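Written below as structure tokens is the structure these notes are about.
All of the numbers you see were taken from the coordinates with simple rules; none came from a lab. Predicted, not measured: the structure shown is a model, and the values here were computed from it. For neighbour counting, all protein chains shown are included, and Cβ atoms are generated from backbone atoms with ideal geometry for every residue, glycine included.
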């Protein structure tokens, strides 16, 4: 949950960066009738890559962070089918709403680069859980999935020092993060 809160904080800070460094001038006191409007409430979104219960924790983290920050609304979206087309439609809908920033776990990053670049061209875009390194996203916040697979492979060898059969479970078989984790396990268990 701390990672999700950090993600929202990063989205918020990055959204405010264009105003950083501008020197504030002293202003005379103003009465309530002529006071400037409060800062804009940020509209952020988090888009998962499937409907796995894993995302329940991420949603709770987003809700907690939005409450703690106060000036943020977070629209948490989960593609029910786990398909790239549905996720793209969700992202298009968010862009049409004028969202200030999106964190997403891309379903098919290799084939969605042009689309993800469109998203990054219209709003602050961060990838999480599954990266899209060829896209123009601001950053990736998540696990080095190959390294995580290697670590899992080490634990498997520790649990089964004489070898044995294992079964690997993933949320979505064709997701890049799952492929990378599986590759890390195979790499560590090779031989």
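How much FRET efficiency would the formula 1/(1 + (r/R0)^6) give for residue 97 and residue 169, where r is the Cβ-Cβ distance and R0 is 35 Å, rounded to 0.05? The pair residue 97/residue 169 has a calculated efficiency of 0.50. Indicate the gyration tensor shape class of region 120-170 (rounded, prolate or oblate), computed on the Cα atoms with a ≥ b ≥ c the square roots of the eigenvalues: a/c under 1.5 is rounded; otherwise a/b larger than b/c is prolate and the rest oblate. In terms of gyration-tensor shape, prolate.
For region 145-189, the relative contact order is 70 percent, taking Cα pairs closer than 8 Å that sit 6 or more residues apart in sequence and dividing their mean separation by the residue count.
As a proxy for reagent exposure, ranking 185, 156 by other Cβ atoms within 10 Å from fewest up yields 156, 185.
Computed extension length for residue 155-residue 114: 10.9 nm, one decimal, from 0.36 nm per residue of separation with the Cα-Cα distance subtracted. Each Cα pair under 8 Å and six or more residues apart adds its separation to the average, and for region 44-191 the resulting relative contact order is 21 percent. With the simple spin-label model, which puts each label point 7 Å out from Cα in the Cβ direction, the residue 52 to residue 134 separation comes to 2.3 nm. So if R0 is 45 Å, what FRET efficiency would residue 89 and residue 187 give, r being the distance between their Cβ atoms, rounded to the nearest 0.05? Taking R0 as 45 Å, the efficiency between residue 89 and residue 187 is 0.80.
Considering all C-alpha pairs of region 145-189, those separated by over 15 Å amount to 38%. Kirkwood Rh, Cα Rg: Rg to Rh for region 90-177? Here Rg/Rh amounts to 1.14.
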